[in-house]
Each structure stands twice: as structure tokens, then as C-alpha cells.
1. State the Cα centre-to-centre distance between the range 90-155 and the range 243-277 in whole Å.
2. Need the list of lysines near Lys124 for cross-linking: C-alpha distance under 24 angstrom, and skip anything on the same chain fewer than eight residues off.
3. Run the reach check for Lys281 against lysines, Cα to Cα strictly under 16 Å, same-chain hits fewer than 8 apart removed. What comes back?
4. Roughly how many Å² is the accessible area per residue of the chain, as a whole number, for a 1.4 Å probe?
5. Using θ = phi - 60° and the Karplus relation 6.51 cos²θ - 1.76 cosθ + 1.60, list the HN-Hα couplings for the range 146-156 in order, rounded to whole Hz, with x at every Gly or Pro.
6. How do 162-172, 274-284 rank on mean C-beta neighbours within 10 Å, highest first?
7. For Gln34, list long-range residues whose amide hydrogen, built 1.01 Å from N in the peptide plane, is under 5 Å from its own amide hydrogen.
8. For a protection proxy built on the mean count of beta-carbon atoms within 10 angstrom, sort 118-129, 201-212 highest first, please.
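The values are calculated or read from the model by the stated rules, or taken from the named source; none is laboratory data. Just so it is clear, the model here is predicted, and its values are computed rather than measured. Glycine also receives a Cβ, built like all others from the backbone with ideal geometry; neighbour counts cover every protein chain displayed. Remember, those area values only see protein heavy atoms, side chains included, never the ligands or the DNA or RNA. Shrake-Rupley method; radii C 1.70, N 1.55, O 1.52, S 1.80 Å.
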Amino acid sequence: MLIRGEDSAINLPSTLTEEEKWHYDLFGYLVLRQVVLPTEVNQMLEIANEWFAQPETAPEPVNVTQNEYSGVLNNVQYGDRIFERLSLNEKVLRVVMGLMWNRPRLFNCALVLQKQRPVAEGEKEKLHRDTSGFEFPDGFQNPHNDYQAGNGQIYSNYVNTAITLVDVPIDNGFMCIPGTHKSRIKLPTTLDIDNEWAPAITFELKAGDCLVFSSRLMHGAKFWKVDDPRRVVFNRYQFSFYFNENYNLPIEAHRDRISVDQYELESIQRSEKGFAKRILKKLEDGEELC
Ligand SMILES: [Fe+2]
């Protein structure tokens, strides 16, 4: 049972289990199984397929970009409220809240499509850390993409969630080198994704599963090898108390297209937000999250 303490970070009880803290601290990611129902996933796929097929039908401010082998629906949550089931998903937010002292702010939401494509001889997948544009020199820590753990708490102020809308076989989709969210040594240029010193791993996922990961983790995407295209929704959160990573969200001109909770999720706010209070209350009362 969760017991509320003083409203200061040091006394705040974590919404993470001890096992989740241990795993995230060690590896920099967590896998949450089946956070959305198959019926919801199918509805989302139908809508996304329609917008990719006929971009002019995507309502503003959804931004459709695509080429032969890939595509992005940026601001997808403004196109149809069903996508709020991913960014405001309580099962996911419980974990994100536990990583940033119950104060998440959503600063980007995008549905990404990736198709099978011809791969040139010798072409390899690449790994990166997310920077939001400003590359801090080696040896400097980006305060917008920080990771710390202490006193039984985790502070991971830039967290990405990837909810897959299709089944992902092993050796496809998201890949990462576990533990690199804490690494202070640059990946040597002599090493590659399949290096024996710290190989990148992939995940077998079912549609509706969610990967939560620190954007400090060295990560990337494997070439897609399945006929049915990859479709995954990325929600990027940061510590709402301080950070405004980009200035896109919330989109005031289209505020009427999202819920009050979604607007609050996208806004900078120092205090706990309404949805966060509700999730904490549900945890206190032992109610199931949805
Ligand atoms: Fe990334």
C-alpha cells in the first residue's frame, strides 16, 4: 500500500515497486505488458492507416510526414482522443511518475511507421542518446537528460515510452545497450551494435506492450523484417517542475481537441497534476489502474 508522506521529493513514497527500481537502475528500461486492450489498438491502427493513406484527412494539428519506407504522425493525440489512452495511460504513468517524483510533463507524442526496406551491403543500425537538439560536450552532463538514484528513489528526468501497436518479433524494433543510461564513457568508435563488450538487445513484444526507457540509454531501431509495418507510439516525458524541452506543447490553438487532463499533462506545472493525484489515490486505495 502506498502511504503519502510530506510533499517533498525526499519523503515521497515511490509509485515503483522495489523490483522495478532495481531493474530500471540496473538496465535503464522496463517492459510493461498489455497496457492497452487489443480493441483499442485496432482502432488506433485503423485511424493511423487512414491518415497515412490520405494525409489530407488528418485533422490539424496532426502533422503527417512519410516516404516510401517510413512515416510519422506528430501530435497524433490532437487528431483523435483515443491516442490519449497511451499518453495518459495510468499503468504507464504510474511508472513514469515513479521516475520523476510524480511530476511528468509530456513534450512530444508521435506515431512512427517503419516498413521493410532493402538494406545496402554493410549498412548497420545506429545507436544514439536523445539530446533534443543541443549536444553537450563529452564529460558534461545534460541536465535535461539526467539519471540519478539514491535514498531508494530514482530521478530520471527524461523518459520515453514506446507502446507498440503491432507484434514485434525478436531482432526487430527497439534496441538498446542495457545500463548505458549511467555510462560516463563514450561508446568507442571501434565497437558496434553487435559488439561482444556490451551488445545491443531487442525485445519480443505483443501489440499493446510498452517499453519505458531513459533517453540517456544508447538506443535505436533494428531494420524491420516483417511484412506488416511497424507502428509504435512514442510519448516523451520530462520533469514538469523545471523543464520545457521544446515549446510545441500544449498547442493552444487546438486546445479544444484534447481533454483537460491531457492539457495539464502537456503543461509545465510545479505541483502534482490532477491525474497524478488520482493515480496516487487509486494506489492508496488499492484500486486497479486503467
Ligand atoms: Fe531516440
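1. 19 Å
2. Lys115, Lys186, Lys222, Lys225
3. Lys91, Lys273
4. For the chain, the solvent-accessible area averages 48 Å² per residue.
5. 10, 9, 9, 9, x, 6, x, 10, 10, 10, 10
6. Listed from highest to lowest mean packing, they are 162-172, 274-284.
7. Asp209, Cys210
8. Numbers: 118-129: 10.7, 201-212: 18.9.
Put in order of decreasing packing, that is 201-212, 118-129.
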